[in-house]
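To start, the structure under review is shown below, and the notes come after it.
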Amino acid sequence: MYQVFEHTADLGVAVEAETLADLYAEAGAGLFAVIAGDLGQVRLAESETFTVPGSDPAWLLFDFLGELHAAFELRRMLFREFAVTITDDGLEAVARGERYDPERHVLAHEVKAITQHELAVDRGPERCTATYIVDI
């Protein structure tokens, strides 16, 4: 589950999930909810695999979101579903979605960058939580 919240001139995303892998999957969906608004408009037509090295949970999230943001900026990909696997060396994620089509998709925000401000990941005993801020 993710929730988008206002943060001065930026937008924040608060994420909660049972596992760290699910947390990263929800964080990815949250990013594309900021970009595209309604994720229901995104078809599951293509998939792309992302491999992100790292061991610190917060920096791994930052790098993962940066890769997803780059996929949108460089290839105009919109994703709505993520299957994430966490390893000792980082994560692997299969993202499903489709290329942005201005005739079909209405975008909600232009995300300029994922910021380090208030970046946090907490692995609690029963739930994992994360917060990140995007510069719009």
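The values are calculated or read from the model by the stated rules, or taken from the named source; none is laboratory data. Model, not experiment: these values are computed from the prediction. So basically every Cβ, Gly included, is an ideal-geometry build from the backbone, and we count neighbours across all protein chains shown. For accessibility, only protein heavy atoms count, side chains too; no ligands or nucleic acids. Shrake-Rupley method; radii C 1.70, N 1.55, O 1.52, S 1.80 Å.
Tabulated results
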{"read-out": "Matching residues in the stretch 65-83 - criterion: being free of Cβ contacts under 8 Å to residues at least 40 places away in the same chain and open to solvent by 40 Å² or more (accessible area, probe 1.4 Å)", "value": "Glu67, Glu73, Leu74, Arg75, Arg76"}
{"read-out": "Per-region count, the stretch 1-30, residues out of contact with any strand residue (DSSP E or B) (no Cβ under 7 Å at 6 or more places or on another chain) and not in a loop (DSSP other than H, G, I, E, B)", "value": "2"}
{"read-out": "Checklist (1) closer than 23 Å to Cys128 by Cβ; (2) in a strand (DSSP E or B); (3) open to solvent by less than 30 Å² (accessible area, probe 1.4 Å) applied to Ile86, failing item", "value": "(3)"}
{"read-out": "Subset of the stretch 35-64 [more than 24 Å from Pro102 (Cβ to Cβ), assigned to a helix (DSSP H, G or I) and open to solvent by less than 70 Å² (accessible area, probe 1.4 Å)]", "value": "Pro57, Ala58, Leu60, Leu61, Phe62, Asp63, Phe64"}
{"read-out": "Ala95 vs. criteria within 13 Å of the chain's Cα centre (by Cα), buried (at least 18 other Cβ atoms within 10 Å of the Cβ) and outside any helix (DSSP H, G or I)", "value": "yes"}
{"read-out": "Single unsatisfied condition, Asp22 versus (1) modelled with pLDDT under 95; (2) within 12 Å of the chain's Cα centre (by Cα)", "value": "(1)"}
